[in-house]
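This report refers to the structure that appears directly beneath it.
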Amino acid sequence: MLSLEFLDLSYNNLTGEIPKSLEALEYLKYLNVSFNKLGGEIPTGGPFANFTNLSFVSNNALCGASRLQLQPCQGKSHRRTTRKRVLYLFLYSLLGITSIIVALSVGLLILRRRKRNEPSGSTEVSSMRAHERVSYYELQQATNGFSENNLPGTGSFSKVYKGVKNGTIFAVKVFKRELEGAFKSFDTECEILGNLRHRNLAKVITACSNPQFKALLLEYMPNGTLDKWLHSHDFFLDMLQRLDIFIDLASALDYLHNGYSEPVVHCDLKPSNILLDENMVGHLSDFGIAKLLGAEDSFRQTKTIGTIGYIAPEYGQDGLVSTSCDVYSFGIVIMEAFTGRRPSDEMFTGDLSLKLWVNDSLPTGVTQIVDADLIRPTKEPLNANMQRCLVSVMELALSCTSVSPDARINTKEALSELKKIRIQLITS
């Protein structure tokens with residue numbers, strides 16, 4: 001394996017010395033033998049000249065050069081004869097050839113068994129399996145030790161860190177081991193996101209998983225969450241930008257509900273789960289409690305509840321999940337985005353809710369509930385066309401949030417309506 005470039009043997013309880021024969025791996029760029037029980041002198045030739053102490057952490061019996069921050073090695077005997085060196089080299093080679101033959105044999109047996117058990121016509125492969133996983137050590141380096149300074153977001157089951165490796169920026173979603181259900185959330189995201197492909201879904205790069213640690217590497221979104229842009233005085237979205245983001249979101253939901261082999265219900269649609277890339281394109285993220293519906297099933301029952309204020313009545317009361325639940329949440333998020341009020345706002349007490357407040361204000365009172373930021377740049381009253389568009393947006397949101405799931409429009413209809421409103425906004 002002389003072309004080996006990456007070798008991670010950390011956390012394996014390995015004993016003995018690091019083989020000097022590894023000096024022959026001239027293409028080896030990364031080595032990690034940390035957290036083992038290795039001893040003896042660290043080789044110095046070949047690629048070892050470029051490795052730092054981080055490659056050898058927590059091997060108390062190792063010794064080596066001072067730059068590696070290890071104890072110096074004692075004087076080494078040079079009595080080993082040439083014959084012994086040749087013998088050791090022969091044994092290393094023989095062991096390597098035997099290992100390769102065994103590995104190939106096992107691989108062939110596994111492939112034959114898989115082919116025998118694989119249903120005919122099944123060619124789809126999860127991208128989570130196709131991508132090489134990364135180590136905990138690499139993620140620790142990329143996030144500067146999971147520093148709070150690199151923590152752009154926190155969720156119910158996870159923390160999201162900003163990571164940098166070889167000039168590439170990515171997001172590291174680390175699942176909270178101490179929380180019950182967090183690792184199950186990791187498994188759900190792997191299962192669902194590993195097979196989904198859409199420009200408006202958060203893209204999974206790869207995963208890191210062991211019994212004590214689980215994380216997903218995601219495409220980094222430099223503009224953060226929609227929640228940040230809606231509820232911070234330092235950020236501003238105009239009418240067209242908000243419409244475009246919801247067209248992106250409706251496109252993602254239409255794909256989940258209608259474009260995949262089995263309908264997928266997100267179950268936790270809210271502004272903090274909508275990410276914005278460098279071009280302000282919206283991406284739906286966080287599939288930790290998402291549900292796959294069978295091809296013949298219109299709903300599923302679950303004990304896992306999404307965020308209060310955004311969930312549909314039948315979901316919150318009876319645990320019934322369907323694509324209509326996502327539509328309901330979509331309507332609530334639209335109301336929040338264009339009024340600037342969260343469904344949990346302190347003004348909504350008793351029987352008054354965000355939905356009822358919007359409903360009672362239409363059509364003539366839409367200017368009284370609109371987000372002040374939409375008129376802040378001009379400081380002038382909304383023109384007639386803007387008012388008509390806002391009324392159309394709020395009516396769409398209300399049609400998404402009917403009490404009865406059957407009375408709600410679907411995502412395909414919502415997407416079509418949003419595109420019509422956008423055309424009306426830019427052409428009048």
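What follows is calculated from the coordinates using simple rules that are stated; it is not laboratory data. Remember, it's a predicted structure, so these values are computed and weren't measured experimentally.
Indicate the gyration tensor shape class of segment 140-222 (rounded, prolate or oblate), computed on the Cα atoms with a ≥ b ≥ c the square roots of the eigenvalues: a/c under 1.5 is rounded; otherwise a/b larger than b/c is prolate and the rest oblate.
oblate
Decide, for segment 329-377, between rounded, prolate and oblate: order the square roots of the alpha carbon gyration tensor eigenvalues as a ≥ b ≥ c, take rounded if a/c falls under 1.5, and otherwise choose prolate if a/b is larger than b/c, else oblate.
Prolate, since a/c reaches 1.5 and a/b exceeds b/c.
Please compute the contact order of segment 136-260 in relative form: average sequence separation of alpha-carbon pairs under 8 Å and at least six residues apart, divided by the residue count, as a percent.
18
Give me the orientation-averaged projected area of the Cα convex hull of segment 153-296, in nm², one decimal.
Hull-based average projected area comes out at 9.6 nm².
Could you tell me which of rounded, prolate or oblate describes segment 248-388, using a ≥ b ≥ c as the square roots of the eigenvalues of the alpha-carbon gyration tensor, with rounded for a/c under 1.5 and, failing that, prolate when a/b is larger than b/c and oblate otherwise?
Verdict is prolate for segment 248-388.
Which whole-angstrom value gives the distance between the alpha carbon centres of segment 177-235 and segment 272-308?
11
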